[in-house]
1. Nothing charged except the Cβ atoms of Lys and Arg (+1) and of Asp and Glu (-1): what's the magnitude of the dipole of the chain about its Cα centre? Round to the nearest 20 debye.
2. What are the residues whose amide H is under 5 Å from the amide H of residue 263, where those residues sit 5 or more places off or on another chain and H is modelled from the backbone?
3. If Lys and Arg each add +1 and Asp and Glu each add -1, what is the summed charge of the other residues whose beta carbon sits under 14 Å from the beta carbon of residue 307?
4. Using the crude model of +1 on Lys and Arg Cβ and -1 on Asp and Glu Cβ, and no other charge, please compute the dipole size for segment 225-337 relative to its Cα centre, in debye to 20.
5. Test of the criteria: in segment 250-322, which trypsin sites (Lys or Arg not before Pro) are in a DSSP loop and have at most 16 other Cβ atoms within 10 angstrom of their Cβ?
6. With unit charges on the beta carbon (Lys/Arg positive, Asp/Glu negative), name the residue among 238, 274, 313 whose Cα is farthest towards the positive pole of the charge dipole of the chain.
7. If contacts are Cα pairs under 8 angstrom and at least 6 residues apart, what is the relative contact order of segment 137-211 in percent?
8. With the chain treated as a Gaussian network of Cα nodes joined by springs under 10 Å, which of 176, 21, 297 yields the largest mean-square fluctuation?
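What follows draws every value from the coordinates through simple rules; no lab data is involved. What you see is a predicted model, and the numbers here were worked out from it, not measured in a lab. Glycine gets a Cβ as well: all are built from the backbone with ideal geometry, and neighbour counts include every protein chain shown.
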Amino acid sequence: MWATVEAGAVERGADEESAVVAAARDGDESAFGALAERHRRELQVHCYRMLGSVEESEDLVQETFLRAWRGLAGFEGRSTFRGWLYRIATNACLDVLAQRPRRVLPYEVAPAARGDTALPEPVDHPWLEPYPDRLLPDADAPDAAAVERETIELAFLAAIQHLPPRQRAVLILRDVLGWPAKDTAALLDLSVAAVKSALQRARVTMRRHLPRRRSEWGAGTDPSAAERALLQRYMDAHQRRDPRALAAVLRADVRVSFPPLPLWLDGSRDFVRGSTEFATAGEYRYRPTRANLQPAVAVYLRRPDKSGFHLLAVEVLRIEEGMISEIVDFSAPRVLAAFGLPLSL
C-alpha cells in the first residue's frame with residue numbers, strides 16, 4: 001500500500017513539475033523562478049564542492065539559472081528539471097575551472113612557520129574558503145540528503161582540489177550525489193567506461209590527500225555534547241589566556257593555517273606560543289558558529305586604542321579522537337561577510 005501511495009506522490013510531483021515547466025516555456029518568469037529557487041541551496045553546495053569558493057558558488061548558481069531560462073526551450077523532459085539544472089551548473093563550473101588554478105591552503109604554498117614568526121603580508125592566492133552552515137539546505141528540506149559532513153568538510157574540499165576538473169565532477173556526481181554511471185556520462189558527454197576510469201583515478205588521489213585519521217563524530221548538522229564542550233574549552237582557554245588549557249584541547253600534531261596569509265604552524269607548541277604572544281594585540285571575545293558542518297569560532301578583537309570589539313576572523317576546527325587536530329583561521333573580509341555575523345560587539 002505504502003509503495004502505491006509513494007508512487008502516486010512521485011507521479012503527482014512530476015505532473016506538477018511538467019505543468020510549471022510548460023508555464024515557464026510560455027514566458028512565465030515567476031513559474032520558472034519558483035521551480036528553480038527550490039533547488040538553489042543544493043546547487044550552491046554543488047558549485048561550492050566544485051569550486052571551493054562561496055562567492056563563486058553564488059555567482060555560478062545565478063549563471064545556472066540564467067542559462068536555464070535562456071535554454072528552457074531545449075529542455076525536453078528526458079531528465080528531471082533538477083537533473084537538468086545540475087548538468088548546467090556542473091558545466092558552468094567546468095568553464096570556470098578551465099580558466100584558473102586550484103584553490104589552496106597555506107600549507108600547500110609555504111613552509112611551516114614558527115610561533116614567533118612575524119606576520120607576512122596577505123597574498124592573493126586562490127585560497128580555499130569555508131562554507132557557512134547557515135547557507136546549507138534546511139535539515140528537513142528534500143535536498144538536505146545532498147549534504148553530508150565528510151563531503152563538505154574542509155579536509156574533503158582541500159583534497160578534491162587536487163583532482164582535474166572532470167575527475168572532480170565525476171567523483172562528486174557518483175560518490176557524493178549517488179548518480180548512476182550512465183547519467184553521469186550523459187551529463188559530462190563521456191562514455192560510461194570513461195566515467196568509471198575517472199572515478200577510479202579520483203578515488204586513488206583522494207585517499208592520498210585526505211587525512212589518515214577520519215573523525216568519528218556524527219555526520220549530522222547538530223554538534224554532539226562532547227563537541228560543544230570541547231569548543232567551549234577552546235574558547236575559554238583563549239579568553240583566559242591560559243596556554244596550558246589551550247594545549248590540553250589540541251593534538252600535539254595540530255596544523256593551524258591563516259589564509260589569506262601564507263602562514264601555517266605545524267604542532268601545538270608553536271601555536272600555543274604564538275597565541276600567547278599575539279594576545280598582547282588587545283582584548284578578545286569568542287563566539288561559537290558553524291562552517292562546513294564543523295565547529296567554528298568567530299574571533300573579535302578590541303585593540304587598546306578602540307572602544308569596541310570588531311570581527312577579526314573565523315576559525316574552523318577539525319576534531320579527531322576528542323581533540324582539535326586542525327584549525328583554519330580565515331580573516332579575509334569578503335569571506336567573513338558570508339557568515340552574516342555582527343561586525344562588532
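1. Numbers: 46 positive and 48 negative charges, 226 e Å.
In debye, rounded to 20, the chain gives about 1080.
2. Here the answer is 258, since their amide H atoms fall under 5 Å of that of residue 263.
3. Working: positive: 285, 302, 303, 306; negative: 283, 305.
In short, +2.
4. On the way: 17 positive and 14 negative charges, 79 e Å.
With only Lys, Arg, Asp and Glu charged at Cβ, the dipole is about 380 debye.
5. Numbers: sites: 251, 255, 269, 273, 285, 290, 302, 306, 318; in loops: 306.
Hits after loop and neighbour filter: 306.
6. Going by the Cα projections, it comes out as 274.
7. Values: 52 pairs, mean separation 23.9, N = 75.
RCO, segment 137-211: 32 percent.
8. Ranking 176, 21, 297 by mean-square fluctuation puts 21 first.
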